[in-house]
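The structure appears right after this line, and notes come after that.
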Amino acid sequence: MSVRKIILFSFISASVCGPLSGAAGEEYLSPSDMALTDGGRKLLVTQHTGKRLDLFDIQTQKIVRSISLPDEPRGLACSADGGTAYVVTGEGAGILRVLDVNSGKIIRKIPVGHGPMAPVLSPDGKKLYVCNRFDNAVGIIDLSRNKQVGSVPVVREPVAAALTPDGSLLLAANHLPSGPANVDYVASEVSVIDTAKGELIKNIKLVNGSEGLRGICISADGKYAYVTHLTARYQLPVTQLERGWINTDALSVIRIADLKLLYTVLLDDVNQGFANPWGVAVSADGRTLCVVSAGNHELSVINLEALHAKIETAAAGGTDTYDDLSMLAGVRQRIPLKGTGPRNVLLHGDTLYIAEYFSDSLGMARLQGGAARPAESIPLGPVLPLTPSRRGEILFNDAGICFQNWLSCASCHPDARMDSLNWDLLNDGIGNPKNAKSLLFSHVTPPVMSLGVRDSARTAVRTGIRYTLFAVRPEEEAAAIDDYLINLKPAPSPYLVNGKLSKAARRGKKLFEQAGCARCHPAPLYTDLKSYDVGTGTGMDAGKLFDAPTLREIWRTAPYLHDGSAATLKEVITVHNPQDRRGHTSNLTPEQVADLVEFLNSL
């Protein structure tokens, strides 16, 4: 067997079952979502890699019950009386599991969409809304009929949602931008759904460069929605990090009355980033907003009244707040957390609860006079030794290894995929931006980068730390990141039918071979590891050879081509291949194009 085949076999084997265990018989927990129950005396906590739902007694600070789940939980909601929990599971075709909190039993199972996340219960408790991330839609669950009764298409990868207090509007945060990347304005959007009609009524585009949306909440009075996200400065060459040159971290405020973006405020300080903001919560009196930084392991406590006053002053003077790194000066308190990888934050009365994903712990902090006292961290399980893969995942998401904590590897590669933006890195010249690539299978598909300027992903990890994070780190850290990336698993495609190709995809597979696409993109990774001049290079890249990328998981990596100029796979085939330099596709009928796209989307 050749060396390449040995490596490929080992890689695919590892990707099927990436390590979750830190010791024999024990698994990392990875707390991610929370909900209060028992009148606020207990807390429900989903353990993502632990595949369970825990009931945590706040007074004794102990887990009093654990409910095992057959798959990783990806979102949690709880009934108003605290007696019923709603947990969505599954990276592929999802299941909503309805649990009786008192008995710990699963009482109902309801099929939902692909990659379900962030369930939200209607005020009357009759409906549940689920962000079906990879269907690019929000599912509507009728709990009395035990079925999904509707699906509202949104923009792209909804990952968080919130209802107005009266339940009339649901706002869904779309994780990534849609459309081509080689344009002047690229940004994620917030979708607004009229729940009475079950219809999308508006998409609210955030400021240019907004991506990586993670959290959203709505004030108790229903006047404002608060959204956490990154604001990438993707139109600048990656030459420095100071003052957020490459990336800033933001909070956007939407006015519910007219569904307009009111303002965007940077969560960073002049000399320190607040990398990868995630969970967000607002106090019942509307005076305090809390945001956690998943990359910096911090909590921000913001005086909303003071912030709104500063915003009004800035607006009157015609100042753009999303470029002001001093906007939160005097109105925000930054608090280091003792746990690592905070994901979600829950505010109840004067107490904050924080799901600390990587340290398997629950953070707690108390507000006093609008400020927070130092946080504590409560272990939810034994401290397990870190496997290289787990350590690598922590480092990949940690802005602590970056100069001034401005970003982590995950800032441009969320979930180790891509942010859908073009970046002007200096490894192939300046003035020729390239679309960010997914890191799935990168270690077995050398060379890497669009022009193949790095001989391997191992080299790219090390140069990325030095020349993008602007840091010098120990070799063992880069090796751990390698291990994490090698163990990535591809997500099941939403285009598969019961895990298999549809009829259209089977027809498309034949066309893929007949058109000659398979020559450069052979199975199983759908790349021959070679580079070609396919006629897409422009400017200083005209006539250059481009790496033939893997087509695995291509359904989630739009936009396409090295410059992100093709918004869809259909455009790749019909618009950007007029001379048949990437397969003979110009003579395909519209029906055949649809079949070919169906096959590609199934990989």
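Read-outs: derived from the displayed coordinates by stated rules, not from any lab. Please read all numbers here as calculations on a predicted model, not as lab measurements. With ideal geometry, Cβ positions are generated from the backbone for all residues, glycine too; neighbour counts draw on all protein chains shown.
Structural remarks
- Axis of helix 457-467 versus longest Cα principal axis of the chain: the two differ by about 60°, to the nearest ten degrees.
- FRET efficiency for K147 and K503, using Cβ-Cβ distance with R0 set to 25 Å, rounded to 0.05: 0.45
- All lysines inside 23 Å of K338 as judged from Cα atoms, apart from same-chain residues fewer than 8 positions distant: K42, K62
- Among I141, I354, A371 - extreme Cα towards positive end, dipole of the chain, charges at beta-carbon: I141
- Peptides 44-56, 94-106 ordered by packing proxy, namely the average of other Cβ atoms within 10 Å per residue, highest first: 44-56, 94-106.
- Between the listed residues G508, I573, S408, the Cα displaced farthest toward the positive end of the dipole of the chain, a dipole computed from Cβ unit charges relative to the Cα centre, is found at G508.
- For the pair I430 and Q368, label points projected 7 Å from Cα toward Cβ lie 5.1 nm apart.
- Segment A315-Q514, length gained on full extension (0.36 nm per residue, minus Cα span): 65.7 nm
- The chain: relative contact order in percent, alpha carbon pairs under 8 Å with at least 6 residues between: 10 percent
- With Cα atoms, 0 to 90° folded angle of helix 3-16 axis to the chain main axis: 30 degrees
- Calculated mean residue ellipticity, 222 nm, the chain: -4500 deg cm²/dmol, from DSSP H runs (n ≥ 4) at -39500 (n - 2.57) each, averaged per residue and rounded to 500.
- About the centre of its Cα atoms, the range 503-601 shows a dipole size close to 340 debye [charges on the beta carbon of Lys, Arg (+1) and Asp, Glu (-1) only; nearest 20 debye].
- Distance between modelled label sites at D184 and T459, nm, 7 Å Cα→Cβ extension: 3.8 nm
- Rounded tilt (10° steps) of 503-514 against the dominant C-alpha axis of the chain: 40 degrees
- Considering only S188, H114, V159, the residue lying farthest towards the positive end of the dipole of the chain is H114, judged by Cα position with unit charges set on Cβ.
- Under the convention that each Lys and Arg Cβ holds +1 and each Asp and Glu Cβ holds -1, the size of the dipole of the chain around its Cα centre is about 1440 debye.
- Links that overshoot a 26 Å alpha carbon limit, given the list K126/K197; K260/K437; K197/K503; K500/K530; K51/K570; K105/K147: K260/K437; K197/K503; K500/K530; K51/K570
- Applying 1/(1 + (r/R0)^6) with R0 = 41 Å to the Cβ-Cβ distance of N102 and K205 gives a FRET efficiency near 0.40.
- H584/D350 FRET efficiency (R0 60 Å; Cβ-Cβ; nearest 0.05): 0.35
- The range 415-474 versus the range 230-303: alpha-carbon centroid distance in Å: 25 Å
- Computed extension gain for A284 through D194, at 0.36 nm per residue and net of the alpha carbon distance, reaches 30.0 nm.
- Projected label points at V575 and T239, each 7 Å from Cα along the beta carbon direction, are separated by 3.2 nanometres.
- Contour excess over end-to-end distance, with Cα ends at K62 and D323 and 0.36 nm allotted per residue: 89.6 nm
- For the range 457-473, backbone nitrogen atoms closer than 20 Å to the point 7 Å from L529 Cα along Cα-to-C-beta are found at 457-462.
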